[in-house]
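Data block below; observations after.
Derivation of every value follows stated rules applied to the coordinates shown; laboratory data play no part. Note that this is a predicted model, so its numbers are computed, not measured. Neighbour counts are summed over all protein chains in view; Cβ atoms, including those assigned to glycine, are modelled from backbone coordinates with ideal geometry.
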Amino acid sequence: MKKNFIILASGNGSNALNLINKFYTDKNGCGDIEIAAVVSNIADAPVIEKVKKTAPDISIFVIPFTVLSERDAFEKELGDIIKKYKVDYIILAGFMKILSKEFVSKFPYQIINIHPSLLPAFKGREAIKKAFEYGVKYTGVTVHYVTSEIDAGPIICQEIVGIDDSDTVGTLEAKIHKTEHKIYPVAIEIALTGADPRRRVI
């Protein structure tokens, strides 16, 4: 049975476009996934124009949410969109705001996020920079379900990214993004099977 997804994005949109190319544009993508809409909290986010050009018939919604006082209104409108499109999964792809515990609790194992580290290491913002400055020899990418605790939900899958002596923050960032584009579609297909959440390293 086909599952309806919406993508939440705040910025450049590389992960969002990668998912659209995999599941919407590419005829070899997963036929069980329908990307119903893209929601951004930033009116001039580059992801908006990119989605319009790549997939013009995907619905796009812009709901203001730049300060905490806008969160309730954002989540109410988002909830209406979820009902309208009978959404099964909410995919966070560079969405830079934290959803409330109340909202998250309504959608257990339905909100999926990608994080640029091997969780539980280097939670929160600037995870790539933190890993590089800490001096670890490897970091990675984690796709996980969203829970009320930030970056602490059940892990769907992970992939390791080595940090070479010649790396800079910039080159490490590029390797992380490449890995994100590889792992996120895989993780979504794993979630779609309905298997129990478990740590997977691919």
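Listing for the model above:
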quantity	calculated
Cα-based helix-to-principal-axis angle, 169-192 vs the chain, degrees rounded to 10	50 degrees
Set of the stretch 32-74 residues, backbone N closer than 19 Å to the point 7 Å along the Cα-Cβ line of LYS2	32-39, 55-60
Percent of beta bridges antiparallel (DSSP, the chain, rounded to nearest 5)	40 percent
Extended-chain gain in nm, criterion 0.36 nm per residue less alpha-carbon gap, SER148 and THR54	30.5 nm
Helix-derived mean residue ellipticity, 222 nm - over the chain, DSSP H n ≥ 4, -39500 (n - 2.57), to 500	-10000 deg cm²/dmol
Nearest-0.05 FRET efficiency for ILE160 and THR193, computed from C-beta distance (R0 30 Å)	0.85
Full-extension gain in nm, VAL136 to ASN12, via 0.36 nm per residue minus C-alpha separation	41.9 nm
In order through the stretch 61-76: 3J(HN,Hα) via Karplus (6.51 cos²θ - 1.76 cosθ + 1.60), integer Hz, x for Gly, Pro	10, 10, 10, x, 6, 10, 10, 4, 5, 8, 5, 4, 5, 4, 5, 5
Dipole-positive endmost among ILE48, HIS115, CYS157 within the chain (Cβ charges, Cα centre)	CYS157
Magnitude of the charge dipole, the chain, Cβ model with Lys/Arg +1 and Asp/Glu -1, debye to 20	300 debye
